[in-house]
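Worksheet: the structure to be examined is printed underneath.
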């Protein structure tokens, strides 16, 4: 897997953003962008090429699921791999995320190994 890809982390919890960034950096990723709300995430995605989006389900303004819907509705960016991370581990929520076109769903709390396996799976599928 190419680790020079640009990864956007969108989470309103700055500590969670930092944790995800550290996990990615420990696994060789270098081009990581952090934002703390859905609106900033969407603006970033529209302004520059993003190869992978990792977004929290619950954020102020535009939620992760709404961000997913906006990305999938925009033909220029609709194919961008998208992972939702959430404490929302209910089957109904997971099913809803997949109906809207999420590539992977990761329930918090998670282990780094599981997190990285899911990123690898998503990125291999998209290439």
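Find the relative contact order for the chain and round it to a whole percent, using C-alpha pairs within less than 8 Å whose residues are 6+ positions apart. Spell out each step's value before the answer.
Numbers: 203 pairs, mean separation 28.4, N = 127.
22 percent.
By what distance, in whole Å, do the Cα atoms of segment 14-56 stretch along each of the three principal axes, largest value first?
27, 21, 11
Using the 10 angstrom Cβ neighbour count as an exposure proxy, how do 123, 1 rank, fewest first?
1, 123
Looking at the calculated P(r) for segment 33-107, what percent of the C-alpha pair distances fall above 19 Å?
So the pairs more than 19 Å apart make up 25 percent of the total in segment 33-107.
Give me the percent of Cα-Cα pairs in segment 86-127 that sit more than 15 Å apart, rounded to a whole number.
47 percent
Would you mind pulling out the separation of the Cα centroids of segment 94-114 and segment 33-57, in Å?
Distance between centres, Cα-based: 17 Å.
For Cα extents along the principal axes in Å, which listed value, (i) 54, 39, 32; (ii) 31, 30, 28; (iii) 43, 39, 27, comes from the coordinates shown?
Answer label, from the structure shown: (ii).
Where a number appears in this text, it was derived from the coordinates with a stated rule and is not lab data. These figures come from a predicted structure and were not determined experimentally. FYI the Cβ positions are ideal-geometry reconstructions off the backbone, even for glycines, and counts take in every protein chain you see.
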